[in-house]
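The values are calculated or read from the model by the stated rules, or taken from the named source; none is laboratory data. This is a predicted model, so every value here is computed, not measured. Glycine gets a Cβ as well: all are built from the backbone with ideal geometry, and neighbour counts include every protein chain shown.
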């Protein structure tokens, strides 16, 4: 069950009515929302609800034990045990199949005279639970924040269960840190009950829903289905212009797809009274790779910074340690996406670029002159696009094939149409709209009378129905 479907609309309508109008006590609302989150997750595969419950129980137990300890060594030992537990779960479902196959191949090659190796690892191919990486990172965030004294252990395990399973965020983020989410639980569960509680931010939620639907159903679906996927599926037979523009198109698609999901997730949470931090902020308008990671998948990059980069030493132990921490953090961030060489190379590209910018002090905007600043933005975007080519590829050989296909100047152009070019320009042109203009636009939207908002929303949905394609392609980040 994904957001832009009638199935989800019916589900959310039931949740919305139940949360605001049926259940009128704080704990009842928290229990209802947790049950709804598990029901939402069960739509994919009910069996994985037990894995979700086990991760939640582990987070609560480790958080409780760490919070109860005052001796540093014991606290750290419990933290290490919790990390081992979560990484074992993550590694089994995401990496064991690929690792066991690779290890068995090495063992077979190493056997003398072609004989059978003395032992082989069991090859277990299991389905990857939807959102496993995201809710595992949230469970770890809870334990880390308790260990770092950013919050006290939850008195009620129900709050931990709601945090880990919260359905707007479980499938593909945002990865809200525990210390940010928990204060909002009582606020949302008490809204409309206690005097002075905040009303629903309906106007902002509608704007984010509209933004997310447009990005996903128009830009991402159109570009990926009619241009990007066909080009990359047979890149050797495409014209060099199509090969190059497909790379830019994928940059647009992965942004529109992922940021569109985040917009909808934030909107759905807002309709239930939960504030969620922004996950994207015009990433292709970044002046450097450092700036890019302050704008792209912000909750993930902040998770890496707070819990991984700082654990490597951060910038506290000299420039060499800092550069190592940057590269190691991003390589592990690449490996988080899956057991593929291309993900590791992608992470290494990001880490090396961040390290070079730190070493030479080139991570910020260097000039107030517009054309020089524009060159910085263009260079950063080209690097991001090159890295997305590696990220998307099934193998490094596929990356080399894409590069060789840039020489296909004699092949006829078949897929590049004016509609594709216009959609690509719109997708990338959105990044040129300054934050100040966006803020004024939101203020103007909020100031509109409610009836007029309803008319605008109805017209938008009608137009979306006309221009969007039939069916909804899976969200790219669901595979992680």
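With respect to the conditions (1) buried (at least 21 other Cβ atoms within 10 Å of the Cβ); (2) without any contact (Cβ under 8 Å) to a residue 60 or more places away in the chain, residue 276 falls short on a single one, namely (2).
Checked against the criteria, residue 227 does not count as in contact (Cβ under 8 Å) with a residue 24 or more places away in the chain, surrounded by fewer than 24 Cβ atoms within 10 Å (Cβ to Cβ) and in contact with a helix residue (DSSP H, G or I) (Cβ under 7 Å, 6 or more places away or on another chain). Of all residues in segment 431-473, those satisfying the criterion of being surrounded by 10 or more Cβ atoms within 10 Å (Cβ to Cβ) and not in a helix (DSSP H, G or I) are 433, 434, 448, 468, 469, 472, 473.
Residue count for segment 181-196 under the criterion of being in a helix (DSSP H, G or I), in contact (Cβ under 8 Å) with a residue 40 or more places away in the chain and surrounded by fewer than 19 Cβ atoms within 10 Å (Cβ to Cβ): the result is 3.
Taking the conditions exactly as written (part of a loop (DSSP other than H, G, I, E, B) and either closer than 30 Å to residue 150 by Cα or at pLDDT 90 or above (or both)), does residue 199 satisfy them or not? It is true that residue 199 is part of a loop (DSSP other than H, G, I, E, B) and either closer than 30 Å to residue 150 by Cα or at pLDDT 90 or above (or both). Per the listing 250, 255, 284, the residue uniquely within 19 Å of residue 472 (Cα to Cα), touching a residue at least 24 places away in the same chain (Cβ under 8 Å) and either surrounded by fewer than 22 Cβ atoms within 10 Å (Cβ to Cβ) or in contact with a helix residue (DSSP H, G or I) (Cβ under 6 Å, 6 or more places away or on another chain) (or both) is 250. Does residue 412 satisfy the criteria of being surrounded by fewer than 13 Cβ atoms within 10 Å (Cβ to Cβ), touching a residue at least 12 places away in the same chain (Cβ under 8 Å), not in a helix (DSSP H, G or I) and not assigned by TED's automatic domain parsing to the domain that holds residue 230? No; evaluated as a whole, the condition is false for this residue. Using the structure shown, decide if residue 344 is touching a residue at least 40 places away in the same chain (Cβ under 8 Å), in a helix (DSSP H, G or I) and either under 23 Å from residue 279 (Cβ atoms) or outside the structural domain of residue 179 (by TED's automatic domain parsing) (or both). In short, no. The condition of being closer than 19 Å to residue 133 by Cα and not assigned by TED's automatic domain parsing to the domain that holds residue 213 holds for residue 48. Residues in segment 367-393 that are more than 29 Å from residue 334 (Cβ to Cβ), in contact with a helix residue (DSSP H, G or I) (Cβ under 8 Å, 6 or more places away or on another chain) and assigned to a helix (DSSP H, G or I): there are none.
Across segment 270-278, not a single residue is classified as under 18 Å from residue 337 (Cα atoms) and either assigned by TED's automatic domain parsing to the domain that holds residue 216 or modelled with pLDDT of 95 or more (or both). For segment 77-87, the criterion of being in contact with a helix residue (DSSP H, G or I) (Cβ under 8 Å, 6 or more places away or on another chain), assigned to a helix (DSSP H, G or I) and either farther than 23 Å from residue 335 by Cβ or outside the structural domain of residue 133 (by TED's automatic domain parsing) (or both) is met by at least one residue. Look at (1) at pLDDT 90 or above; (2) closer than 21 Å to residue 227 by Cβ and you find that residue 433 fails only one, number (2). Answer yes if at least one residue in segment 30-44 is loosely packed, with under 14 Cβ neighbours inside 10 Å, outside the structural domain of residue 267 (by TED's automatic domain parsing) and without any contact (Cβ under 8 Å) to a residue 24 or more places away in the chain, and no otherwise. No, every residue in segment 30-44 fails to be loosely packed, with under 14 Cβ neighbours inside 10 Å, outside the structural domain of residue 267 (by TED's automatic domain parsing) and without any contact (Cβ under 8 Å) to a residue 24 or more places away in the chain. Out of curiosity, is residue 205 crowded, with 23+ Cβ neighbours inside 10 Å and in contact (Cβ under 8 Å) with a residue 12 or more places away in the chain? Criteria not met by residue 205.
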